[in-house]
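Novice: Would you mind keeping the following structure in view while I ask a few things?
The values are calculated or read from the model by the stated rules, or taken from the named source; none is laboratory data. Note that the coordinates shown come from a computational prediction; the quantities given were computed from them, not determined experimentally. Cβ placement follows ideal geometry from the backbone for every residue including glycine, while neighbour counts extend to all protein chains displayed.
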Amino acid sequence: MDTGLLIEKLILAILLFVVSLGIAAYSTYFERKLAAWIQDRVGPDRAGPFGILQPIADGVKMFMKEDFTPTNADRWLFILGPGIAMFTALMTSAVIPWGTDITLFGRTIALQVADLNIGILFIFGIISIGVYGIMIGGWASNNKYSRFGAIRASSQMISYELAMGISAITIIMLSGGLGLNDIVKAQHGMNWNIFYQPVCFLVFFICALAETNRAPFDLPECESELIGGYHTEYSSMKLGLFLFAEYVAMFVSSALISILFFGGYNFPGMDSFSGNTLALLSVAAFFTKTFLMIFLFMWIRWTIPRFRFDQLMHLGWKVLIPISIINMLVTGIVIAFNEGWIKF
Amino acid sequence: MESLTNRKKVVSDKPMTFMEKLYLPAIFKGMFITLKHMFKKNNTIKYPEEQRVFAPVYRGMHVLKRDEHGRENCTACGLCAVACPAEAITMVAGERQKGEEGLYREEKYAEIYEINMLRCIFCGLCEEACPKEAVFLTDRIVPTEFERNEFIYGKDVLVEPLNDRIDVTKRQHTGTRSEI
């Protein structure tokens, strides 16, 4: 095994870990600021200039709190729940291509921890495990509200995973590969999938909101009905991990949406650059798109009220799945015509 | 029946049209509204740095006034304590000794005068009851404390300092408002 490769991947993985956590931390700050602006308030502005130390203060607060475990809770599962939630949220970022190849110390480094040829399936698999964190956490709490949150989370996940998967298949058909790198390379320059598949984007985006448990689909934690849903009984950093996992998941799904629909690290006019300049610009382009997606996630959260549970199921099964299936069929027929497989 | 306002709306449960069922136009409209609010000026007053301008009749923390020679006005008559609906005021009267004429205006004075700021409802009846113009409510804000007993204010906090007199002229006129 090439030691250089090992070191390079290790550094990349650690960097990715730190960046994901940092972005997640600052998303909490930005979310609060955005909520404040939308509601004509100021938002956190006391910790440091403009309140930029707020996430650190929140983290310290979380650690200082009493770590409480209910008497009748299953101790080990209770600890396992937030662990799984955080672990799976961080895992997904491994296959995401962050930019074009960069050359450092005479080595060409791919800005992707693992170029799996089944990248998108890997992400779907890991995201599905993510709900186990919520389910186990809610179940182990031994509390009615937590259990309801867990049940809602799992049924919501099953319902929306279908439509999400079918709309992802449409993109896979267009790009002709399961690896995220193939999907990004197929959208070179300004040749983004959003211009070919706007309906698919809409379905995928709605499902992504539901998968990350963001409003208007945050029924698992629905404060007004379920106290705190699956994390009712959690406190201290265990609660922190649950809340944090949501933001990491939001970051990763924003990145995924940028890859599938907005060309990933591609940007218009990228052919006039090369080498490390291109690499840095592509990373910048990718993060810009990701941040805009995160902004959209938050903007929606502070605009739309929460769904009722039957409305959620109705939307998932009776609206999004038929739309995505029809979209997939139409795309398939168009591709077949273009390739000349069907002739009249 | 004749309606009192013109804001009456007839509610109907007609089936939604196709555009309404799509929900998306309504969602975009809502998002446009929130976007507009993002750039609106907020009305927040950042308290410790800036303070709200109080009305002249604002009733905040009490003060025990001294007269123009620096003698305490209060004679511990107890009318404020009687008038207080929250029973927040207690006092112990004392007799002025020889040589204390510069400290207290009359022969009787309050040795202990305490107001429990947690009980006080800032109604201003104590001030209205006071025959000696001794107790007034000012436009100062009662600061927050960490312990409950720190909210019981004694004379050390309430009596106005000699070198830092507190202006209550705005409150002195409230009884005879026609003069203003």
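Novice: Identify the residue in segment A:136-148 that is in a helix (DSSP H, G or I) and touching a Phe, Trp or Tyr at 6+ places or on another chain (Cβ under 8 Å) and, among all such residues, is surrounded by the fewest Cβ atoms within 10 Å (Cβ to Cβ).
Specialist: My answer is A:Arg147.
Novice: Okay, next question. For segment A:124-138, check the following and say yes or no: at least one residue is in contact with a helix residue (DSSP H, G or I) (Cβ under 6 Å, 6 or more places away or on another chain) and more than 16 Å from A:Ala153 (Cα to Cα).
Specialist: No, segment A:124-138 contains no residue that is in contact with a helix residue (DSSP H, G or I) (Cβ under 6 Å, 6 or more places away or on another chain) and more than 16 Å from A:Ala153 (Cα to Cα).
Novice: Checking A:Leu180 against (1) free of Cβ contacts under 8 Å to residues at least 12 places away in the same chain; (2) buried (at least 23 other Cβ atoms within 10 Å of the Cβ), which single condition isn't satisfied?
Specialist: Going through the list (1) free of Cβ contacts under 8 Å to residues at least 12 places away in the same chain; (2) buried (at least 23 other Cβ atoms within 10 Å of the Cβ), A:Leu180 breaks only (1).
Novice: What about A:Phe297, is it of a type outside the set (Val, Ile, Thr), closer than 26 Å to A:Met250 by Cβ, within 14 Å of chain B (Cβ to nearest Cβ) and not in a helix (DSSP H, G or I)?
Specialist: For A:Phe297, the condition - of a type outside the set (Val, Ile, Thr), closer than 26 Å to A:Met250 by Cβ, within 14 Å of chain B (Cβ to nearest Cβ) and not in a helix (DSSP H, G or I) - is not met.
Novice: For the structure I just gave you, tell me whether A:Thr288 is modelled with pLDDT of 85 or more, surrounded by fewer than 14 Cβ atoms within 10 Å (Cβ to Cβ) and within 17 Å of A:Gln187 (Cβ to Cβ).
Specialist: So A:Thr288 passes the test.
Novice: Another question, then. Pairs under 9 Å by beta carbon, first residue more than 16 Å from A:Ser93 (Cα to Cα) in segment A:3-16, partner β-branched (Val, Ile, Thr), six or more apart or different chains?
Specialist: That search, which allows pairs on different chains as well, returns A:Glu8/A:Ile109.
Novice: Look through segment A:1-37, keep the residues that are of a type in the set (D, E, K, R) and surrounded by 14 or more Cβ atoms within 10 Å (Cβ to Cβ), and return whichever of them is nearest to the other protein chains (Cβ to nearest Cβ).
Specialist: Checked segment A:1-37; the qualifying residue nearest to the other protein chains (Cβ to nearest Cβ) is A:Lys33.
Novice: Among the helices (runs of 4 or more DSSP H) contained in segment A:157-262, which hold 2 or more residues that are among the β-branched types (Val, Ile, Thr) and under 19 Å from A:Ala89 (Cα atoms)?
Specialist: Helices (runs of 4 or more DSSP H) meeting the threshold: A:236-261.
Novice: Right, next: If we keep just the residues of segment B:19-64 that are without any contact (Cβ under 8 Å) to a residue 24 or more places away in the chain and basic (Lys, Arg), which is farthest from the other protein chains (Cβ to nearest Cβ)?
Specialist: Across segment B:19-64, the extreme among qualifying residues is B:Arg52.
Novice: A further question follows. Kindly indicate which of A:Pro55, A:Pro44, A:Pro70 is more than 14 Å from chain B (Cβ to nearest Cβ) and either touching a helix residue (DSSP H, G or I) at 6+ places or on another chain (Cβ under 7 Å) or polar (S, T, N, Q) (or both).
Specialist: Result: A:Pro55 is the single residue among A:Pro55, A:Pro44, A:Pro70 that is more than 14 Å from chain B (Cβ to nearest Cβ) and either touching a helix residue (DSSP H, G or I) at 6+ places or on another chain (Cβ under 7 Å) or polar (S, T, N, Q) (or both).
Novice: Next question. For segment A:308-321, what are the residues that are surrounded by fewer than 20 Cβ atoms within 10 Å (Cβ to Cβ) and within 14 Å of chain B (Cβ to nearest Cβ)?
Specialist: Across segment A:308-321, the qualifying residues are A:Arg308, A:Gln311, A:His314, A:Lys318, A:Val319.
Novice: How about segment A:104-128: which of its residues are among the hydroxyl-bearing types (Ser, Thr, Tyr) and within 14 Å of A:Ile7 (Cα to Cα)?
Specialist: Across segment A:104-128, the qualifying residue is only A:Thr108.
Novice: Shifting gears a bit: Among the numbered conditions (1) within 17 Å of B:Pro56 (Cβ to Cβ); (2) modelled with pLDDT under 85; (3) out of contact with any strand residue (DSSP E or B) (no Cβ under 7 Å at 6 or more places or on another chain), tell me where B:Arg140 comes up short.
Specialist: Of the numbered conditions (1) within 17 Å of B:Pro56 (Cβ to Cβ); (2) modelled with pLDDT under 85; (3) out of contact with any strand residue (DSSP E or B) (no Cβ under 7 Å at 6 or more places or on another chain), the odd one out for B:Arg140 is (2).
Novice: Test each condition in (1) crowded, with 19+ Cβ neighbours inside 10 Å; (2) in a helix (DSSP H, G or I); (3) acidic (Asp, Glu) for A:Asp271 and report the one that comes out false.
Specialist: Condition not satisfied by A:Asp271: (1).
Novice: To continue, here is another question. Answer yes or no as to whether B:Arg71 is over 30 Å from A:Gln311 (Cβ atoms), among the charged types (D, E, K, R) and either modelled with pLDDT under 85 or more than 20 Å from the chain's Cα centre (by Cα) (or both).
Specialist: Yes.
Novice: A follow-up question, please. Among the residues of segment B:97-142, write down those that are surrounded by fewer than 17 Cβ atoms within 10 Å (Cβ to Cβ) and more than 23 Å from the chain's Cα centre (by Cα).
Specialist: B:Gln97, B:Lys98, B:Gly99, B:Glu100, B:Glu101, B:Gly102, B:Leu103, B:Glu106, B:Glu107, B:Lys108, B:Glu111, B:Ile112, listed by residue number.
Novice: Of all residues in segment A:111-127 being assigned to a helix (DSSP H, G or I) and in contact with a Ser or Thr (Cβ under 9 Å, 6 or more places away or on another chain), which is surrounded by the most Cβ atoms within 10 Å (Cβ to Cβ)?
Specialist: Checked segment A:111-127; the qualifying residue surrounded by the most Cβ atoms within 10 Å (Cβ to Cβ) is A:Ile123.
Novice: Could you figure out which of (1) touching a Phe, Trp or Tyr at 6+ places or on another chain (Cβ under 6 Å); (2) more than 8 Å from every other protein chain (Cβ to nearest Cβ); (3) of a type outside the set (Ser, Thr, Tyr) isn't true of B:Glu68?
Specialist: (1)
Here's the yes/no breakdown for (1) crowded, with 23+ Cβ neighbours inside 10 Å; (2) free of Cβ contacts under 8 Å to residues at least 40 places away in the same chain; (3) of a type in the set (D, E, K, R):
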{"residue": "A:Pro216", "(1), (2), (3)": "no, no, no"}
{"residue": "A:Tyr230", "(1), (2), (3)": "yes, no, no"}
{"residue": "A:Leu241", "(1), (2), (3)": "yes, no, no"}
{"residue": "A:Ala245", "(1), (2), (3)": "yes, no, no"}
{"residue": "A:Ala249", "(1), (2), (3)": "yes, no, no"}
{"residue": "A:Val252", "(1), (2), (3)": "yes, no, no"}
{"residue": "A:Ser258", "(1), (2), (3)": "yes, yes, no"}
{"residue": "A:Tyr265", "(1), (2), (3)": "yes, no, no"}
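Novice: Let me ask something else. Specify which of the listed residues (A:Asp58, A:Asp40) is under 26 Å from B:Phe32 (Cα atoms) and either surrounded by fewer than 18 Cβ atoms within 10 Å (Cβ to Cβ) or at pLDDT below 90 (or both).
Specialist: A:Asp40
Novice: In this structure, is A:Arg107 surrounded by fewer than 19 Cβ atoms within 10 Å (Cβ to Cβ) and farther than 20 Å from A:Ile325 by Cβ?
Specialist: For A:Arg107, the condition - surrounded by fewer than 19 Cβ atoms within 10 Å (Cβ to Cβ) and farther than 20 Å from A:Ile325 by Cβ - is met.
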